[in-house]
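Data first, discussion second: the structure below is written as structure tokens.
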Amino acid sequence: MASLFSSRLSSHSLSLLINIFFIFLIYLHFASQNPSPSGSIQTLNSLAGGDSDSCSGGLASLDDHRSKCSYIRSQSKCGPQGYIDYLKILFCIFGQSPVLGHLVLSVWLFVLFYLLGDTAASYFCPSLDSLSKVLKLSPTMAGVTLLSLGNGAPDLFSSVVSFTRSNNGDFGLNSILGGAFFVSSFVVGTICVLIGSRDVSIDRNSFIRDVVFLLVALCCLGLIIFIGKVTIWVALCYLSIYLLYVGFLSVSHFFDRKKRMSEQILRSREDLAEMGVPLLGYIADEKPVLIEKTAQEFKIVFEESPKRHRSCFSVLVSIIGLPLYLPRRLTIPVVREEKWSKPCAVVSTAIAPVLLTELYCSHYSGSQRNLILYIISGSIGLILGILAYLTTEKSHPPKKFSLVWLLGGFTMSVTWTYMIAQ
């Protein structure tokens, strides 16, 4: 119990540091929005004439951090590619101490990785797991579809942002290939080292099948890069490789399962003929009472122990952690039994349409259409919130329309992954 409490304390300390830094960066973001000094803007505008498409060209010709800050504020091409203006934070707030600025942004990069992992672990992957159960997908099919989508979602959306928000897509392509190389070498190598002393068997046919499809995809990608041109039909053909892989896997899994079932039935008949007793005897009526009771006792201990050791420090961590936890909790529907909350579910269904509209309208600021979209999304959110309040219970997640709830949680977790990637 002491080790459990110490591990929780260390995790709370890490969460405290991350949340404090998150609040600090929010302060820096709003502090960087102050109006710029106008003394040197005209001079800086003349410097921008040499390179009208690149912000780095004008910054390279300036030495003073105040001039760089004024240049960034006066040039629209130096605007942020995402939701936070990192250039203003680096050159305007930390202009006199660039080392500290780079250190702060490096820690912020760690916070973003933490948010990606926590969003995937707490919201995205549980939604995928519940969806696989509702859709009655086999472990094999769930692994190549939902689980693969869950693992690749951060890479997917960060790459989409890299290609759509910048003129150079090299980083997006390199991140995809780098992620594939990292998983296929470092992760697999680490697993092999950890289980090297165990006798683990691998299905040779499945392994060869996966490797062949991976090599085919890489060869097609290399051919596309060599040609240097991508059309819509080439892109669709490249996407069809994955569909072909899933189809081939589903067909082979169907025949393998049918073969195993026939072998199991034949083996059961042979055992039944030899033993002369019913296949399902009294053993099937026995209940693992001891195991269930022990599991229930452990569940009670682990659920009550944090309450017993709840201190002012944990309360402080929870309060400071609200900027990271509350926005996601109030916009992502969670229908798991252990984390079900009717107020949060109602609020999330009401706010989610407005958040999606805000993400869409952020690319079209000042448009009259945005006001209409906000009114429509607000009305839809109000209707969904009322329906969620009338059709849910406080004690347990909804039994009806569970697929709709899971799809909503899946969509919003994907949305948050996209926002963090930006």
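Bear in mind that the values in this text are calculations on the coordinates, not laboratory data. Quick caveat, the model's predicted, so the values are computed rather than measured. Cβ coordinates were reconstructed from backbone atoms using ideal geometry, including for glycine residues, and neighbour counts include every protein chain displayed.
A few points about this structure:
- Peptides 229-237, 406-414, ordered by how many other C-beta atoms sit within 10 Å of their residues on average, highest first, read 406-414, 229-237.
- Virtual spin-label span in nm between residue 100 and residue 66, 7 Å along Cα→Cβ: 1.8
- FRET efficiency, residue 197 to residue 149 (Cβ-Cβ, R0 35 Å, nearest 0.05): 0.55
- Each of 383, 332 was scored by other Cβ atoms within 10 Å of its Cβ. Arranged with the fewest first, they read 383, 332.
- Extension gain, residue 230-residue 265: 0.36 nm per intervening residue step, less the Cα-Cα distance, totals 7.4 nm.
- Virtual spin-label span in nm between residue 339 and residue 322, 7 Å along Cα→Cβ: 2.0
- Listed pairs 342/399; 77/229; 133/259; 133/400; 133/394; 339/399 exceeding 21 Å between Cα atoms: 77/229; 133/259; 133/394
- Segment residue 136-residue 393, extension gain: residue separation times 0.36 nm, minus the distance between their alpha carbons: 90.0 nm
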